[in-house]
Amino acid sequence: MDFQPSDDQRLLIESVERMLADNYSFAQRKTYIAEPAGHSEAMWSRFAEQGLLGLPFAEEYGGYGGGAQEVMLVMQAFGRALVVEPFLATVVLAGTAIRTAGSAEQKQALLTAIAEGSLKMAFAHGERQARYDLTDVVTVAKKNAGGWVLDGSKTVVQHGEAADKLIVSARTSGERHDSDGITLFIVDANAQGVARRGYATRDETRGADISLSNVQVSEADVLGTVGGGLATVQAVVDAGIAATSGEMVGAMEAMNAMTLEYSKTRVQFGAPIGTYQVVQHRMSDMFMTQEQGRSMAMLATMMIDEEDPARRAYNMAMAKVGVGQAGRYVAQSAVQMHGGIGMTEEYAVGHYFRRAMVIERLFGDPAYYLQRLAETVV
């Protein structure tokens, strides 16, 4: 894979950066978070107008026809601006599930609506007892004359409160940890029996706990094959890891730039702190760590289309650990280098720190993936 941006990719990223520079200052971001949905509906419409909401979708669905590399580039720009809109939840996670397992009718209806900005979706798979185990599903779906009835609960569903539709995993057969027997369903978020409790997460994005009580769905709402949903869930998680790895790189770039600028203006003992060798060494380490994280983000992006599941899983684990460790080091160093101001709500670097810490744990923390890597050692 060639990671030098093409002319079209350069135009894409330049247009995204211009839009964010004009509309996504730190002060403006605060006003977006204060809106009822926890993000800006106006910005969501702008994303649709610029074609970002159809970025990874085929042109027949109103999309841009891009791939994992385009998503990575846009997520880097979003990371630099600390974007809070539900792009990851709707376009990357739900979009990947639909592209991977959806029927022609489902793709036409859902991907087209997402691309035009009229539909927000959320991917509801995680459960309270599961930790990061994708096979640990106790939400159940039982067959009846009209289709299926869902009962159970999902936790920390990204932007689940704002979603119009949910993609919900449920067990249709087998035991709790069986890899077979997991099925995905498209559920109207306002359907009878669906209850959502939304809240702000530590990084100021939104999450929701969702309970399902006797929720009726039809056969047409099954996404993919009955009992064969785990492969799609894994594809969604891989897409999420690659996208948030790109976002982490953007956040590291922003934190390094802020720290460099601060070192030029903060005077201590009669000189800017950036003139001291120990500070220069730390900033050099931060930059090198950022670039190591970038390499790992590129690895995750390359692995999206890897056909060998074992190789894809191994390299995704490598990338998740590498990006998480890089983000933690840069974020902690940036706050430390800023001193007391780095801990305040009024200064942006602490907000980047919190987002970096959330990304580190999304889809599994480094300790979880280190254990998975250790299990592959003979």
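With 24 Å as the limit on Cα-Cα distance, the pairs of 30/120; 30/107; 143/165; 120/154 that go past it are 30/107. So how do 333, 245, 103 line up by other beta-carbon neighbours within 10 Å, fewest first? Arranged by neighbour count, lowest to highest, 333, 245, 103 become 103, 333, 245. In the list (i) 29, 57, 13, 1; (ii) 21, 48, 28, 3, 0; (iii) 28, 53, 18, 1, the label attached to P(r) over Cα pairs in 20 Å bins from 0, in percent as derived from the coordinates here is (i). Fully extending the segment from residue 14 to residue 201 would add 64.3 nm, taking 0.36 nm per residue of separation and subtracting the current Cα-Cα distance.
Considering only alpha-carbon pairs that sit under 8 angstrom and 6 or more positions apart, the relative contact order computed for the chain is 15 percent. Working from Cα pairs under 8 Å separated by at least six residues, relative contact order for region 1-139 is 23 percent.
Classify region 7-120: rounded, prolate or oblate, from the alpha-carbon gyration tensor (a ≥ b ≥ c, eigenvalue square roots; a/c under 1.5 rounded; otherwise prolate if a/b is larger than b/c)? Oblate, since a/c reaches 1.5 and b/c is not below a/b.
Which percent, to the nearest 5, of DSSP beta bridges fully inside the chain are antiparallel? Percentage antiparallel, nearest 5: 85.
Quick check on region 122-228: take the gyration tensor over C-alpha atoms, sort the square-rooted eigenvalues as a ≥ b ≥ c, and tell me if it's rounded (a/c under 1.5), prolate or oblate. Here region 122-228 falls in the oblate category.
Charges on Cβ only, +1 for Lys and Arg, -1 for Asp and Glu, centred on the Cα centroid of region 1-142; of 90, 45, 122, which one is farthest towards the dipole's positive end? Highest projection toward the positive end goes to 122. Projecting label points 7 angstrom from Cα along Cα→Cβ for residue 295 and residue 220 puts them 5.2 nm apart. Multiplying the residue separation of residue 144 and residue 336 by 0.36 nm and subtracting their alpha-carbon distance yields 63.3 nm. The value of relative contact order for region 122-228, using C-alpha pairs under 8 Å at least six residues apart, is 31 percent.
Taking label points 7 Å from Cα along the Cα-to-Cβ direction, residue 343 and residue 7 give a separation of 5.3 nm. Backbone phi angles across region 5-11, fed through the Karplus curve with coefficients 6.51, -1.76 and 1.60 (θ = phi - 60°), yield HN-Hα couplings of x, 6, 4, 5, 5, 4, 4 Hz in residue order; Gly and Pro are listed as x. Per-residue Cβ neighbour counts within 10 Å put 349, 236, 267 in the sequence 267, 349, 236, beginning with the fewest. As a proxy for reagent exposure, 177, 39 were ordered by neighbouring Cβ count within 10 angstrom, fewest first; the result is 177, 39. Here the Karplus relation 6.51 cos²θ - 1.76 cosθ + 1.60, evaluated at θ = phi - 60°, turns the backbone of region 249-261 into coupling constants of 4, x, 5, 5, 4, 5, 5, 5, 5, 5, 5, 4, 5 Hz, with x for every Gly and Pro. All C-alpha to C-alpha distances of region 220-378, sorted into 10 Å bins beginning at zero, yield P(r) values of 11, 34, 27, 17, 8, 3, 1, 0 percent in whole numbers. Extension gain, residue 374-residue 306: 0.36 nm per intervening residue step, less the Cα-Cα distance, totals 22.3 nm.
Here, each number is a calculation from the coordinates, and none is a lab measurement. Treat the numbers as computed from the prediction; the structure is a model and nothing was measured. Using ideal geometry, Cβ is built from the backbone for each residue, glycine included, and neighbour counts are taken over all protein chains shown.
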